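Novice: One structure is given below, represented as structure tokens, and several questions about it will come after.
The values are calculated or read from the model by the stated rules, or taken from the named source; none is laboratory data. What you see is a predicted model; the values in this text were computed from it and never measured. Using ideal geometry, Cβ is built from the backbone for each residue, glycine included, and neighbour counts are taken over all protein chains shown. Calculation scope for accessible area: heavy atoms of the full protein, side chains included, ligands and nucleic acids excluded. Shrake-Rupley method; radii C 1.70, N 1.55, O 1.52, S 1.80 Å.
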Amino acid sequence: MGYKFLDKYHDEVFRCIKCGACRAVCPTFLEELEESMVTRGRMSLIEAVIDRRLDLTEIFKNRISTCITCGSCIPACPSSVKIDDIILAARAEIAELNGIDFFIRFISGKIVKSGWALPHFMRFLGIIERSVYVPLSTLNVFKGFLPYTIEGRTRTFPAIKGKSLRERYYKLSNRSTAALQHCRTTEPQHRKSVAFFAGCSINFVYQDIGMSVINVLKRLGFNVILPKGDLCCGAPIRAIGDHKTVLTLAESNFEILRKLEVEAILTACPTCGLTLKKKYPELLPDAEGMEAFVCKIKDINEFIVEKDIFPSLVTGHPSLNTRITYHDPCHLNWGLGISRQPREILRGIWGVNFIEMRNAEGCCGFGGIFSFNHYDLSMRIAERKLKSINDTLAEVVVTSCPGCRMHIEDALRQAGLRTGVKHIMQMVDKAIHTLDSKPR
């Protein structure tokens, strides 16, 4: 019997020359120091499965599950093996042959790909978080039974708000439009339009990041569109191996986004950007218009620097007086190759004392569902990041990823540290607002 997803990677897997270059950069190996917890070891296990020398054992499933899919091993690989695609294919194979937990399958197959159900489900999670998890986490008697608890310390989650970013934005837009009509004025017709693909975490959890993105883009002179009908990019679903649902999400999003008459489709979540720009062409190889679609996908940092429109807003006046450092999100740095642009933006804010941290490109330990399935390991990885942050004496650590913000905030709170964590667009938004409020 052949393997549906892995067999097509036979030649790719065997291109791994087992040199061990991945050992120096793999975050799980650096913690566990086990050969099977590094890319080279995982490729050897997959090779054995493809050759029918090994079955999909529990050990094999664990080693594939514990890959954080940060992508740091890909640029380190001298053979340029498509490691992330192989790992995801292995997960899809495991899901195909062993199935997916009923509850997870219900969420991915029914709720996530439903335009109306996901917002209600997220509100439900918010209620559970506020009324059950948070109160119980304060009681010592329950800490041993709650998930995501380490040595009596319980994971801190961001508050899930009632209304999504889309609902809030269009409510504000309608108010603004009504006010403009009342004053018999209209917005300038020369404004260019861009679409903002917010993604699940910004749409449902970090609306403050989303509003900062919108504020910055509007201040830069763009009309901002939040696409109607767009769904989860599919990255978390692909990570659990639900290939069928991933294809449905990709097809739906592609059809909606490619029809937008906009200058660019912007992301502020690197995982969304990586998925739209690099994974959709692989998932939908025969889709018409894919090349033009890919060209429109831009990370917000990349777009602002590329347009050379940022410096005129916040240079020339000291707008912030803060000591900051920057953490490189894995999918932005390793996946999309974007690391210079965020630093250029941060250094353009007068009054900011930017301190480069050691190993800024090191993984924070989040990895999406990785931090939920392997919380202990993810927090041990985060400890390395906290050491780098602390050495800078920064008041705020800035990142370009909502997931990294979530995980670093949790790690800081677990360690009893008060360092703030902000998305880079929140810093830019604050700088512009501070500048606008200063007397000229």
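Novice: Starting with the highest mean, order 191-199, 82-90 by the number of other Cβ atoms within 10 Å, averaged over the residues of each peptide. It would help to have the intermediate numbers written out before the result.
Specialist: Working: 191-199: 20.4, 82-90: 22.3.
So the peptides 191-199, 82-90, ranked by packing, come out 82-90, 191-199.
Novice: Another question about this same structure. Any chance you could run the full-extension gain for Glu356 through Leu125? It's 0.36 nm times the residue separation minus the Cα-Cα distance, nm to one decimal.
Specialist: Numbers: separation 231, 0.36 × 231 = 83.16 nm, distance 3.69 nm.
Full-extension gain reported as 79.5 nm.
Novice: Of (i) 60, 57, 42; (ii) 74, 50, 46; (iii) 84, 44, 40, which is the value of Cα extents along the principal axes in Å derived from the coordinates here?
Specialist: Only one option fits the structure, namely (ii).
Novice: Please work out the average accessible area per residue across the stretch 1-98, using the 1.4 Å probe convention, and give it in Å². Don't jump to the answer; show the numbers that get you there.
Specialist: Numbers: 4390 Å² over 98 residues.
It amounts to 45 Å² per residue over the stretch 1-98.
Novice: Here's a follow-up. What aspartates and glutamates sit close enough to Lys422 to cross-link, taking a C-alpha to C-alpha distance under 12 Å and skipping anything fewer than 8 places away on the same chain?
Specialist: Cross-link targets: Asp208, Glu395, Glu409.
Novice: Could you give the length gained on full extension between Asp101 and Ser193, defined as 0.36 nm per residue of separation minus the Cα-Cα distance, in nm?
Specialist: Values: separation 92, 0.36 × 92 = 33.12 nm, distance 4.21 nm.
Fully extending the segment from Asp101 to Ser193 adds 28.9 nm.
Novice: Now for a separate question. How many angstrom separate the Cα center of the stretch 84-125 from the Cα center of the stretch 4-71?
Specialist: That distance is 23 Å.
Novice: Also, quick follow-up: Anything over 27 Å Cα to Cα? Flag those among Lys218/Lys259; Lys113/Lys279; Lys171/Lys430; Lys82/Lys259, in the order listed. Write out the running numbers ahead of the final one.
Specialist: Working: Lys218/Lys259 22 Å; Lys113/Lys279 18 Å; Lys171/Lys430 22 Å; Lys82/Lys259 30 Å.
Too far apart for the 27 Å limit: Lys82/Lys259.
Novice: Sorted by mean Cβ packing within 10 Å, highest first, what order do the peptides 230-240, 43-53 take?
Specialist: Numbers: 230-240: 23.3, 43-53: 17.5.
Ranked by mean Cβ neighbours within 10 Å, highest first: 230-240, 43-53.
Novice: Something else now. Please find, in a Gaussian network model of the chain (springs between Cα atoms separated by less than 10 Å), the residue of His120, His423, His327 whose mean-square fluctuation is greatest.
Specialist: His120
Novice: To continue, here is another question. With each run of n ≥ 4 DSSP H residues scored as -39500 (n - 2.57), what mean residue ellipticity at 222 nm is computed for the chain after dividing by its residue count and rounding to the nearest 500 deg cm²/dmol? Don't jump to the answer; show the numbers that get you there.
Specialist: Numbers: 25 runs with 217 residues, N = 440.
Computed mean residue ellipticity for the chain: -13500 deg cm²/dmol.
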